[in-house]
Structure formats: C-alpha cells, structure tokens
Amino acid sequence: MSAEAQAGLGDRLGRTRRSFRGWRGQRPFWGGLLTLLGGIPIMYFPYANLTLGSMTIRMSTTAGAGSLIIGVLLVVLGLTLWFQPMSRIFAGVAAILLALVSLVVSNFGGFVIGFLLALLGGALGISWGPARAPKETGGAKSEDGADSRKSESAPFDAFGAGSDDLSGTSPNGNNGTNGRHRAG
C-alpha cells in the first residue's frame, strides 16, 4: 500500500469520524445507547441457562414473555432516542417506567444491570436538549433604548429564555427578581 493510499484512508476515516460526531451531537446518543444496552440483559437472562458442573440452572420464569417484551421495548426506545430525537421526552419516560416494571417482572430487572442502564438511559434522554444557535450580540439598542448589556442581566429560566415571572413586580424596585439575589 502506498503512502498516498494511506493518506486517503486517513482522510476518509477523519471525515467519517467528524460526520458521526455531528450526528451524535444532534440527538441523545448516550441515553439511547444506555437504554438499548439496558434492554439486552432484561430480555436475555430469563432465557439463559447457567451450568455449574453437571447441573444446569434455568432462569426462565412464568414472566419470561413479559421480560422479552420489556427488553424489546427498551431496545426500540433506545433506537427511538437515536432516530427520533424530538420524541425524547416520551421515550425517556417510557424507558424509566419499563425499567421500574422490569424489577418485578424480569429477575430484578436483569439482575439490576438492565434496570440501572435503562433508568440512566431514560434519564439522559429526558434531560438532553438540542443545541441552540448562538445569539447575535451587536451593540444594537433594544426597543426601549436600553443597552443590550442590560437585557443580559434579566433573569433566565432553565432553557435560556427570558423569565415570564411577573409575580415579583413590587413597589420596592426589585425589577421582577422576586427577592432572588445574584452574585457578582
């Protein structure tokens, strides 16, 4: 293999890696992966045979079909978190509920391994939020003539938008902060 062929391979690998990194950043990738991995032990252990010497121990129970259904649903929810990131709240809540149900139905949630993975994956799916485009800061004046830096000191909610809390408008002039103090 020539040096030119190796350089082309490295360039193609770098482009693929950058493309995967971009795809991964646009969705709750780790939440989907953990949810998907949590479904595997939940559906595997009820059908597994454990052999100790000449003795075979079967883990199957009457809830084997329920374990299979819960495991398959967790795998599907993990894939949903990857390929339908807009339904991340539903998929995350459903994954958490299925993980809790698996404690009772499926050998303590796949011996707690599947339970913990699905629970953490569902929580990551719920908590993930899409990246926001950076706001333009031009030194432009706002409508009331105030400097744009003054609008930055307004209280913000958890998603970065201005707070709609008007309950703190009192005559003592706390500018709608409702008694909250800021450091600095």
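A few comments on the model shown:
- Simple spin-label estimate for VAL93 and LEU52 gives 4.3 nm between the two label positions (7 Å along the Cα-to-Cβ direction from each Cα).
- Rounded to whole numbers, the Karplus 3J(HN,Hα) couplings from phi for the range 69-78 are 5, 5, x, 5, 5, 5, 5, 5, 5, x Hz, using 6.51 cos²θ - 1.76 cosθ + 1.60 with θ = phi - 60°, and x at Gly and Pro.
- For the range 9-87, a crude dipole built from +1 on the beta carbon of Lys and Arg and -1 on the beta carbon of Asp and Glu, taken about the Cα centre, is about 460 debye to the nearest 20.
- With q set to 0.23, 0.25, 0.28 Å⁻¹, the log10 of I(q)/I(0) for the range 25-92, from the Debye formula over equal scatterers at the Cα positions, is -0.86, -0.94, -1.06.
- THR51 accessible area, assembled protein chains, probe 1.4 Å, Å²: 80
- Net lengthening on full extension, VAL104/ARG21 (0.36 nm per residue, minus Cα-Cα): 26.1 nm
The values are calculated or read from the model by the stated rules, or taken from the named source; none is laboratory data. Source: prediction; values computed, not measured. In this analysis, Cβ positions are derived from the backbone assuming ideal geometry, glycine residues included, and neighbour counts consider all displayed protein chains. Side chains are part of the model used for accessible areas, which takes the heavy atoms of the whole protein and leaves out ligands, DNA and RNA. Shrake-Rupley method; radii C 1.70, N 1.55, O 1.52, S 1.80 Å.
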